[in-house]
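The values are calculated or read from the model by the stated rules, or taken from the named source; none is laboratory data. Everything numeric in this text was worked out from a predicted model, so none of it was measured. Methodologically, a virtual Cβ is constructed for each residue, glycine included, from the backbone with ideal geometry; neighbour enumeration extends over all protein chains shown.
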Amino acid sequence: MAITKDTIRQIAGLAKIGLTDEEAERFARDLSKIDTFVGQVAKLETEGVAPATHSVQMKSVYRDDVMIPSLPREELLANAPEHDGSGFLTPKVLDEG
Amino acid sequence: MAEANTAAAASEYKAVIGLEVHAELATDSKIYCGCSTTFGGEENSHVCPGCLGMPGTLPLLNRKAVEYCVKAGLALNCKINPFSRQDRKHYFYPDLPKGFQVSQLDLPVCQNGWLEIKSGDGVKRVGINRIHIEEDAGKLIHGAADTKIDCNRGATGLIEIVSEPDMSSPEDVYAYMEALREILLYTGVSNCKMEEGSLRCDINISIHKDGEPYGVRTEMKNLNSLSAAKAATAYEIKRQEKVLREGGVLFQATLRWDDDKGLNYVMRVKEHADEYYYFPEPDIMPIVVTPEEIRLIRDTLPEMPKARRERYRERYGLSEYDAGILTVNKALSDLFDQAAGAGAPAKTCANLIMGDVARLLGEKGLPPEQAPFDGSALAELANLVGEGAISSSAASKVTEMLFEPVYAGKSPKAIVEEMDLGQVSDESALREMCRQVVADNPKIAADYRGGKKQAISALVGQVMKASQGKANPGMVNRLLQELLQP
């Protein structure tokens, strides 16, 4: 299945990424190739095979409700592109709720 | 409320309302990591690489979150799915550092339940479509130049309870939220502190004329009080009616309610269906709940508020109103159960709790769980009142003292003795007092004898005053009537 420029624009919109026309075209071309490659899997005979969502056969893997210390804030913020010592800063966003 | 009912009845439109309620789970730690869920605290002080979704971290599901979801499901008459799964819901917004929210799409933990709510003079059953577990988002603080992200609340466990569109009025919405809140509190699944955002709802509303297809639906986001939910519903129904009556067209839209201004406005108009590119969360293994686990959780369910109210009416003869007030809070209701269960007069226990105890808790700013005495102290106090050993005003005073640290651990009997609050029921002493009061107030006595029967209350008041509030008012009343007989 070929991925169109429109699909690329829609996904870029959801991811809030701006693309030039050339970029959109290039991604459509590249992703179409990847899609074709991965699409080979669809040719396999899967009649009677239950859908698998996980690569391991485990279930109900839980932890107990126990509190453990969080990361010190200085460490937490250390790699942030921008912070004010107590929180991460981003360019001003409109409140979409 | 009566007015709104009349207005709804007079409208040619019918409203169809469904709610999505988010309740923060009362776990100690977050849903996929061990960070604290305590409300508040310094910004970003309850955060780790796990809840930030840093590369290399793996989520590990909190067992308690699953148990609470099952518990809520059982309390809401749901079917518990033996096999369910978590999915990633993708969207990009700064309050969600991972770029996706871990939620559940097609295999939620609970499905197909119901909740009974008060509706008019009767009850109404509202269907529960599903209950699933998911994680909360962080908080954004909008500044003048930038936006700050506080992830303390991020990745706290939530359940989302999705109702069927079975409600039709603002009163239904209020009653549903009230009933749901009660059940979540009684089961201990959520602390339901709406002012802290731990219980909030989105309201879906459409209107249509009888016999016509359903109308265009709008969604109002994040209502965080019962009264706001009710007011917002009333407003939106009216707004949609007005648009249609004036020949306008409704758009499918997401709205925000402004509780201060009492109106809503459009956040976004939905042109396309939301696209979240859901897929199964590969890092969290499927959730399998066995019949044995369901049985164990069912055994922990407490008596629900509705059943309590019925028991209070039948066993203790309380009015529906009193039973309703008592069961609003589980701790107060437990206190009543302990006291009345110990054989103390039930109505007196109820009056003490709804009156002085509730008032004093309010004044001291104490949550009912922290009342400084237990049901046995309350039973003793109610018994003293019941036996006529103290008056009801003295009982008020004793209750006040029970809240004072200097009386901590003292029994009501000890307080009555120490403060000399015992009621005077000695008939000859009281008769003497009454005789004196009648002699001192010849005009009032004459009024009474002349037929103004209510004049007696002034005389009772005088005797109570003379006895410093300790006379048994019932006896005083009887003695005065005897003395004043023509």
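A few notes on this one:
- Condition met for B:Gly41 (surrounded by fewer than 17 Cβ atoms within 10 Å (Cβ to Cβ), of a type in the set (Gly, Ala, Ser), at the interface with chain A (Cβ under 10 Å from one of its Cβ atoms) and touching a residue at least 60 places away in the same chain (Cβ under 8 Å)): yes
- Lone unmet requirement of (1) out of contact with any strand residue (DSSP E or B) (no Cβ under 6 Å at 6 or more places or on another chain); (2) surrounded by 15 or more Cβ atoms within 10 Å (Cβ to Cβ); (3) within 14 Å of chain A (Cβ to nearest Cβ) for B:Arg309: (3)
- Any hit, the range B:146-162, residues being within 27 Å of A:Ala12 (Cβ to Cβ), surrounded by fewer than 21 Cβ atoms within 10 Å (Cβ to Cβ) and either without any contact (Cβ under 8 Å) to a residue 24 or more places away in the chain or not assigned by TED's automatic domain parsing to the domain that holds B:Cys48 (or both): yes
- Residue ID - modelled with the lowest pLDDT, chosen from residues in the range B:164-223 that are farther than 22 Å from B:Leu74 by Cα and of a type in the set (A, V, I, L, M): B:Met194
One line per residue, one yes/no per condition, for (1) small (Gly, Ala, Ser); (2) farther than 30 Å from A:Leu76 by Cα:
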site: B:Asp146; (1), (2): no, no
site: B:Ile149; (1), (2): no, no
site: B:Thr156; (1), (2): no, no
site: B:Ile161; (1), (2): no, yes
site: B:Ser168; (1), (2): yes, yes
site: B:Asp172; (1), (2): no, yes
site: B:Tyr176; (1), (2): no, yes
site: B:Ala179; (1), (2): yes, yes
site: B:Leu184; (1), (2): no, yes
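- Condition met for B:Val406 (in a helix (DSSP H, G or I), closer than 30 Å to B:Val357 by Cβ and assigned by TED's automatic domain parsing to the domain that holds B:Leu360): yes
- Residues (under 13 Å from B:Pro345 (Cβ atoms) and hydroxyl-bearing (Ser, Thr, Tyr)) located in the range B:381-426: B:Ser392
- Against the test of being over 20 Å from B:Pro280 (Cβ atoms) and hydrophobic (A, V, I, L, M, F, W, C), the options B:Cys78, B:Cys69 yield a single qualifying residue, B:Cys78.
- Counting only residues that are part of a loop (DSSP other than H, G, I, E, B), under 22 Å from B:Leu58 (Cβ atoms) and within 7 Å of another protein chain (Cβ to nearest Cβ), the range A:48-97 holds 13 of them.
- Any hit, the range B:256-274, residues being free of Cβ contacts under 8 Å to residues at least 12 places away in the same chain and under 28 Å from B:Asn191 (Cβ atoms): yes
- Some residue of the range B:73-83 being at the interface with chain A (Cβ under 8 Å from one of its Cβ atoms) and among the β-branched types (Val, Ile, Thr): no
- So A:Ile17, is it out of contact with any Pro (no Cβ under 6 Å at 6 or more places or on another chain), assigned to a helix (DSSP H, G or I) and facing chain B (nearest Cβ under 10 Å): no
- Top-ranked residue of the range B:203-227 - restricted to ones that are over 17 Å from B:Glu12 (Cβ atoms) and crowded, with 20+ Cβ neighbours inside 10 Å, ranked as nearest to the chain's Cα centre (by Cα): B:Leu223
- Residue match in the range B:232-242 (condition: more than 30 Å from A:Gln10 (Cβ to Cβ), touching a helix residue (DSSP H, G or I) at 6+ places or on another chain (Cβ under 7 Å) and part of a loop (DSSP other than H, G, I, E, B)): no
- B:Glu281 vs. criteria within 13 Å of chain A (Cβ to nearest Cβ) and either under 30 Å from A:Met58 (Cα atoms) or more than 23 Å from the chain's Cα centre (by Cα) (or both): yes
- Of all residues making up the range B:409-458, the number that are modelled with pLDDT of 90 or more, over 49 Å from the mean Cα position of the chain (by Cα) and part of a loop (DSSP other than H, G, I, E, B): 1
- Count - residues of the range B:370-408 that are out of contact with any Leu (no Cβ under 8 Å at 6 or more places or on another chain), of a type in the set (Asp, Glu) and either at pLDDT 90 or above or surrounded by 12 or more Cβ atoms within 10 Å (Cβ to Cβ) (or both): 2
- Any chance B:Glu292 is touching a Leu at 6+ places or on another chain (Cβ under 8 Å), of a type in the set (Asp, Glu) and within 14 Å of chain A (Cβ to nearest Cβ): no
- Checking the stated criteria, B:Ile128 turns out to be more than 14 Å from every other protein chain (Cβ to nearest Cβ), touching a Ser or Thr at 6+ places or on another chain (Cβ under 8 Å) and in a strand (DSSP E or B).
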